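Colleague: Structure provided below as structure tokens; questions to follow.
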Amino acid sequence: MVERKAFLQITKAMILGLRNGLADPSVRIKQSIMKELAEILGVERCVLFKIGCEGMNGLSKESCEIIAGVPVEEYLSQPNNKEPLEIHPDIEAAVKNGRTLLIKDPCNDERTAYFEDMIAKKNISQILYLPLYVEEGGKAVGVIVIDAFQGKEFDEDEILFCSEVAELISLLIGQESLILQHFRDEIVNRIVPLAGFTRRIRENMETTLSYLEIIHKEAEEIDKILPKTLEEIF
């Protein structure tokens with residue numbers, strides 16, 4: 001059974017991630033949670049996939065990319081590793097299924113056939129998939145993928161614990177969305193009056209140019225009646 005200490009470790013990971021990642025705290029928090037989760041479960045691979053939509057030729061297709069997890073070198077060595085979701089049938093199944101998915105025999109499952117060499121090489125015995133949702137009934141925005149090695153199997157308590165961690169990360173992603181929306185609103189609130197200010201500047205410039213043109217014409221008239229040399233005065 002997963003102990004309460006595990007929850008404290010995850011909470012600590014979130015706090016440390018927030019404290020140590022002021023530039024982009026959510027990135028550090030996710031990475032800290034993935035690392036801590038892997039250690040608690042005693043697994044070598046625990047990664048977080050972001051699910052998004054990519055537009056191409058007027059069509060929108062779902063994509064996935066690793067944004068946090070262990071081993072770190074797996075995704076840090078592959079920047080911009082965004083790929084079509086459809087080439088990952090296992091992750092796509094978790095997204096479409098909408099619930100926790102456990103593949104008990106990845107060696108003989110058609111959904112994991114595309115990386116069967118890696119499964120055999122690393123002796124992966126089970127794979128757990130946990131979709132993440134920001135809104136109830138909405139589309140999955142991410143999937144946690146955890147590999148069990150060397151004959152290890154996930155028990156019910158571990159799966160329940162991982163589901164609760166997934167809810168925490170979903171909450172974090174939801175907060176990110178709120179923060180981004182806040183910044184969008186702030187930008188819009190500044191752009192709208194700026195547009196009006198720009199319009200007023202343009203109008204003022206046009207008025208100023210009109211005045212300058214009048215002044216220029218008057219200056220030409222004055223110049224015509226002024227004496228050209230001192231001799232003309234005396």
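The values are calculated or read from the model by the stated rules, or taken from the named source; none is laboratory data. The shown structure was predicted, so the numbers you read here are calculated from the model rather than taken from an experiment. Because the Cβ atoms are built from the backbone with ideal geometry, glycine has one as well, and the counts that use them run over all protein chains shown.
Colleague: Check off (1) at pLDDT below 95; (2) surrounded by fewer than 13 Cβ atoms within 10 Å (Cβ to Cβ) for Asp105 and give me the number that stays unchecked.
Modeller: All conditions pass for Asp105, except number (1).
Colleague: Out of contact with any Lys or Arg (no Cβ under 8 Å at 6 or more places or on another chain), modelled with pLDDT under 95 and either closer than 23 Å to Lys35 by Cβ or not polar (S, T, N, Q) (or both): does that describe Ala140? Before the answer, list the steps.
Modeller: Details: out of contact with any Lys or Arg (no Cβ under 8 Å at 6 or more places or on another chain): yes; modelled with pLDDT under 95: yes; either closer than 23 Å to Lys35 by Cβ or not polar (S, T, N, Q) (or both): yes.
So Ala140 passes the test.
Colleague: Let me ask another. Does at least one position in segment 176-199 carry a residue that is touching a helix residue (DSSP H, G or I) at 6+ places or on another chain (Cβ under 6 Å) and at pLDDT below 95?
Modeller: First, pick out the residues of segment 176-199 that are touching a helix residue (DSSP H, G or I) at 6+ places or on another chain (Cβ under 6 Å): 176.
Next, from what is left, pick out any that are at pLDDT below 95: 176.
Looking through segment 176-199, at least one residue is touching a helix residue (DSSP H, G or I) at 6+ places or on another chain (Cβ under 6 Å) and at pLDDT below 95.
Colleague: Next up: Condition check: at pLDDT 75 or above and in a helix (DSSP H, G or I). Does Ile51 satisfy that?
Modeller: Answer is no for this residue.
Colleague: Among the residues of segment 116-146, which ones are farther than 16 Å from Gly42 by Cα and buried (at least 17 other Cβ atoms within 10 Å of the Cβ)?
Modeller: Passing the criteria: Ile119, Tyr129, Leu130, Pro131, Leu132, Tyr133, Val134, Ala140, Val141, Gly142, Val143.
Colleague: If a residue counts only when it is over 23 Å from Ala166 (Cβ atoms), which helices (runs of 4 or more DSSP H) contained entirely in segment 73-143 have at least 3 such residues?
Modeller: Values: elements: 73-76, 89-97, 116-122.
Helices (runs of 4 or more DSSP H) meeting the threshold: 116-122.
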